[in-house]
Each structure stands twice: as structure tokens, then as C-alpha cells.
Amino acid sequence: MKLSNLILLTIFSMAVFYMQLWDDRLVTPLYLTVLGVCVVYGTYKKDINITHIAGIILVFTGIEYAIFEAGIVNYVNPSDNKLLQGTLIYGMQILFCLLITTLLIFRVQVSRLISKSPKIELTYFDGIFHWIFMYMSVVNLLGLIENIAWSYFEWKSWTLIYDNFEGLIYIAWAVCCGAVLTMMICSAKSNGSEDQEPRLS
């Protein structure tokens with residue numbers, strides 16, 4: 001199977017699976033688990049690039065998830081102020097997405113600050129991940145604008161992003177999972193080909 005077909009099949013499968021669950025209490029831990037498996041695999045195989053890419057996404061997505069699960073946003077502002085609450089929720093998600101985007105754009109430099117490994121290099125996949133989180137930043141920004149229109153200007157018909165928010169984010173997560181899983185498969189294939197002994201003619 002061609003690599004491009006493998007990537008598309010993996011992304012499509014993950015997207016369909018996430019859409020079927022449609023519950024952030026199930027999908028988010030599953031997404032974090034996939035990233036965790038990639039970090040463990042990268043560490044086991046000593047593939048520093050997979051480890052750092054998946055690790056950056058895992059750490060900051062995990063911190064964001066912990067903040068929302070702990071209900072910190074609800075403690076900070078009164079729940080009856082929908083404008084402030086929505087602004088904090090979407091604003092925090094935008095900040096995390098932009099932070100991850102920046103770290104992934106400069107991933108090689110960040111990796112070299114963390115590790116002195118000579119195997120750190122720009123991979124074909126480095127060009128994919130920051131676009132995923134840019135897309136998520138845009139979705140959250142549109143959600144923030146929609147929340148302001150809904151709660152401040154009383155435009156109650158503006159609920160397009162709110163009604164489809166999970167699906168829009170799950171698509172991004174599916175693409176992210178598809179890309180990291182494909183990285184693992186490519187890494188395993190390249191390791192397998194290196195391990196094969198050359199045939200004598």
C-alpha cells in the first residue's frame with residue numbers, strides 16, 4: 001500500500017471512530033492515549049523525532065485537558081456570565097493551540113535544546129502538524145467570535161461553530177493521530193529494512 005493511501009485510510013478510520021463516539025469524555029482520553037503510545041514507541045525505538053513531536057502535543061494537550069477537567073475556568077468566573085466564560089474557554093484553547101503551533105514550527109530547534117542527539121532532523125511530517133493546530137486555532141477563534149455575537153449582541157441564531165465544535169476538533173485530532181501513527185509505521189519499516197541483511201548475488 002502506498003504511503004499516501006495509508007495516511008488517508010488511517011485518518012479516515014480515526015475520524016469515523018471519533019465521530020461515532022461523539023463524547024469528549026471518551027475521545028479526549030483516547031486521543032491522549034494514542035499520543036502516549038507514540039511517545040513510548042519513539043522512546044523504545046530511540047526515534048527522537050517521533051518522541052518529541054508526539055511529546056509536545058501530548059504534554060500541552062494534557063495540560064489543557066487537566067485544566068478543563070479540574071473546572072478551573074468555572075472557579076475563575078461566575079457561570080451566569082456567559083460572555084466572560086466563553087471568552088475564557090475559547091481564549092485558553094486558542095492560546096494552547098498557538099503555543100503548540102509555535103513549538104511545532106520550531107520543533108527541530110526545540111528538540112536540540114532538550115536533547116543533544118545527532119538523530120534530530122526535520123522530517124516529512126514536521127510540515128503537517130503545525131497546520132493542524134493552526135486550523136484548530138481558527139476554529140476556536142470563530143467560536144470565540146460566535147460566542148461574543150451570541151451572548152453580547154444577542155444574535156441567538158449564531159450557533160454554527162458551537163453546534164459542530166466537537167466534529168471540527170475531532171477531524172483535526174483524527175488527522176493528528178493519522179499522522180503520528182503513520183510516522184510510527186514509516187519508522188518501523190525503515191528500521192526493518194535496515195535490519196535486513198543484504199543478499200549475496
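Would you point out which residue out of Ile50, Ile56 is assigned to a helix (DSSP H, G or I), touching a residue at least 40 places away in the same chain (Cβ under 8 Å), open to solvent by less than 30 Å² (accessible area, probe 1.4 Å) and closer than 30 Å to Asn147 by Cβ?
Ile56
Only residues that are aliphatic (A, V, I, L, M), open to solvent by 20 Å² or more (accessible area, probe 1.4 Å), assigned to a helix (DSSP H, G or I) and free of Cβ contacts under 8 Å to residues at least 40 places away in the same chain: list them for the stretch 122-160, please.
Across the stretch 122-160, the qualifying residues are Met134, Val138, Leu142, Ile145, Leu160.
Quick one: Val73 ticks every box in (1) of a type in the set (Val, Ile, Thr); (2) touching a Gly at 6+ places or on another chain (Cβ under 8 Å); (3) modelled with pLDDT under 85 except a single one, so which number is it?
The one condition Val73 does not meet is (2).
Look through Leu103, Leu113 and report the one residue that is part of a helix (DSSP H, G or I) and either under 19 Å from the mean Cα position of the chain (by Cα) or surrounded by 13 or more Cβ atoms within 10 Å (Cβ to Cβ) (or both).
The unique qualifying residue is Leu103.
Per-residue answers, yes or no, for (1) aromatic (Phe, Trp, Tyr); (2) in contact with a strand residue (DSSP E or B) (Cβ under 6 Å, 6 or more places away or on another chain); (3) over 20 Å from Leu95 (Cβ atoms):
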{"position": "Gly127", "(1), (2), (3)": "no, no, yes"}
{"position": "Trp131", "(1), (2), (3)": "yes, no, no"}
{"position": "Met134", "(1), (2), (3)": "no, no, no"}
{"position": "Leu144", "(1), (2), (3)": "no, no, no"}
{"position": "Thr159", "(1), (2), (3)": "no, no, yes"}
{"position": "Phe165", "(1), (2), (3)": "yes, no, no"}
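The values are calculated or read from the model by the stated rules, or taken from the named source; none is laboratory data. All values derive from a computational prediction rather than experimental measurement. When we count neighbours, we look across all protein chains shown, and the Cβ atoms used for this are built from the backbone with ideal geometry, even at glycine. Keep in mind that these areas ignore ligands, DNA and RNA; they rest on the heavy atoms of the full protein, side chains included. Shrake-Rupley method; radii C 1.70, N 1.55, O 1.52, S 1.80 Å.
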